[in-house]
Every structure is written in structure tokens, then in C-alpha cells.
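The values are calculated or read from the model by the stated rules, or taken from the named source; none is laboratory data. Only a predicted model underlies this, so the values are computations on that prediction, with no experimental measurement involved. Glycine gets a Cβ as well: all are built from the backbone with ideal geometry, and neighbour counts include every protein chain shown. Surface areas here come from the heavy atoms of the whole protein model, side chains and all, with no ligands, DNA or RNA. Shrake-Rupley method; radii C 1.70, N 1.55, O 1.52, S 1.80 Å.
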Amino acid sequence: MTTTVVVNDASCLIDLRKGRLVRAMLALPYRFVVPLPIRRAEALDFTDQDWRCLETGGLVTFDLPPERVAEAMRVRAAHPRLSANDCFCLVSTRCHEHGILLTGDRLLHRAAAGEGLRVHGVLWVVDELRKGDACSHGTLISALEHWRDDRTVFLPRGEIDVRLRELRQAAEPGD
């Protein structure tokens, strides 16, 4: 059986880092990749040491072959509101059979879903972490509270609140 590949865009990596869930995410039974242009994106503000830790944890940098770079540029022409990096993420997801795109970008989400690709955001990661018992409820609660209170994180408040209620009810004392 092949491991499902999850292509990470910058927005999700930023939010997962803020919630201190990147390493926990890497423990999930998926192969996590980041397109090379995303890795080089200044917005991520990850140090070389951060990248080494992520690579040690299993995150793989994916370099699109030249013909796929041209494909990304065609996607950009068809969807001019997407950034070049968004297009690299979309095409990287296409490169992996049954791949999943992990994005917080609404336009990228729509474009990928319109092609029939599987698309999720960081709340899916929380659900997967909970389902797989990959980290404590306290860690997930902390991440959700941080995202809820951070004005630079744009996640649906109602969905955060539902998960917080469920996790608090399920949390064991001392969790």
C-alpha cells in the first residue's frame, strides 16, 4: 500500500508552527512534502535549523520537474488570482496519485477542489491528530486556543469552538 502524500502550502505551515503542531503532524501516517518554492518563501521565516528538524521528522522538499513547472505557469494563466507558489502547490498535488493539498488559502482550495483534488486545512490536521492519538488533548486545545486568539490566523471560529468543546469534554485530568 502506498503512503498518501500531503502537499503543504505556506499558510498551513505558518499556522501549524504557531500552534506548535508541525512535529506532531509529521507523526501522522502520511508522507508530507513541501514544494521547493514554498520552502524558499520568506513568509515562512524558518531557519536552516528549523528545516533540518522538519526533514529529520520526515518533511520532504519536492522539486517539480521542468515540464511540471511549465504546467504550474499554465495554471497561473488560468487562475491569475493564485500566486505562483499556490500554483506550485496545486501541481505538486497533481503529481502524487491520491495526493492531498493542505492549504488555508480559499482561492487555492477552490481551484484544487474544482479539479477534484482532496483539499484540507489545519483543522483537518487537528482531527487527524486526535483520531490517531498522535498528541495530547492539551496540546490540541492549546493550538486551537492560540489560533482562536491570533488575529493573523484566519480559521472559522465556530469550527475551532466545536473542537475545543469536544476536546475539553474528552480530556482526562492532567492531560
Quiz item: Which of the residues belonging to region 127-167 are of a type in the set (Lys, Arg) and surrounded by 12 or more Cβ atoms within 10 Å (Cβ to Cβ)?
Solution: ARG130, ARG148, ARG163
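A quick yes/no check of all residues on (1) modelled with pLDDT of 95 or more; (2) aliphatic (A, V, I, L, M):
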{"position": "THR103", "(1), (2)": "yes, no"}
{"position": "GLY116", "(1), (2)": "yes, no"}
{"position": "GLU128", "(1), (2)": "yes, no"}
{"position": "ASP133", "(1), (2)": "no, no"}
{"position": "ALA143", "(1), (2)": "yes, yes"}
{"position": "GLY158", "(1), (2)": "yes, no"}
{"position": "ASP161", "(1), (2)": "yes, no"}
{"position": "PRO173", "(1), (2)": "no, no"}
Self-check item: Of all residues making up region 11-31, the number that are surrounded by 22 or more Cβ atoms within 10 Å (Cβ to Cβ) and either farther than 28 Å from ILE141 by Cβ or of a type outside the set (Asp, Glu) (or both)
Solution: 9
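Among the residues of region 125-137, which ones are in a helix (DSSP H, G or I) and without any contact (Cβ under 8 Å) to a residue 12 or more places away in the chain?
Of everything in region 125-137, just one residue is in a helix (DSSP H, G or I) and without any contact (Cβ under 8 Å) to a residue 12 or more places away in the chain, namely LYS131.
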Exercise. Look through region 77-90, keep the residues that are assigned to a loop (DSSP other than H, G, I, E, B) and more than 13 Å from ALA112 (Cα to Cα), and return whichever of them is most open to solvent (accessible area, probe 1.4 Å).
Key: ARG81
Quiz prompt | All positions within region 17-52 that are under 21 Å from CYS89 (Cα atoms), at pLDDT 90 or above and outside any helix (DSSP H, G or I) | solution = LEU21, LEU28, PRO29, TYR30, ARG31, PHE32, VAL33, VAL34, PRO35
Exercise. Go through the residues of region 93-111 one by one and say whether even a single one is surrounded by 14 or more Cβ atoms within 10 Å (Cβ to Cβ), more than 14 Å from the chain's Cα centre (by Cα), within 24 Å of LEU26 (Cβ to Cβ) and of a type in the set (A, V, I, L, M).
Key: no
Quiz item: If you check every pair at least six apart or on different chains, which have Cβ atoms under 6 Å apart with a residue in region 102-124 that is within 15 Å of VAL6 (Cα to Cα) first and a residue that is of a type in the set (A, V, I, L, M) and open to solvent by 30 Å² or more (accessible area, probe 1.4 Å) second?
Solution: VAL119/ALA113
Practice problem: Run MET1 past the list (1) closer than 24 Å to ARG130 by Cβ; (2) modelled with pLDDT under 95; (3) open to solvent by 40 Å² or more (accessible area, probe 1.4 Å); (4) in contact with a helix residue (DSSP H, G or I) (Cβ under 8 Å, 6 or more places away or on another chain) and report the number of the one that doesn't hold. | Solution: (4)
Quiz item: Has region 64-76 got any residue that is under 24 Å from SER142 (Cβ atoms) and either part of a loop (DSSP other than H, G, I, E, B) or at pLDDT below 95 (or both)?
Solution: no
Exercise. Can you give me the number of residues within region 53-63 that are touching a residue at least 12 places away in the same chain (Cβ under 8 Å) and either surrounded by fewer than 17 Cβ atoms within 10 Å (Cβ to Cβ) or part of a helix (DSSP H, G or I) (or both)?
Key: 7
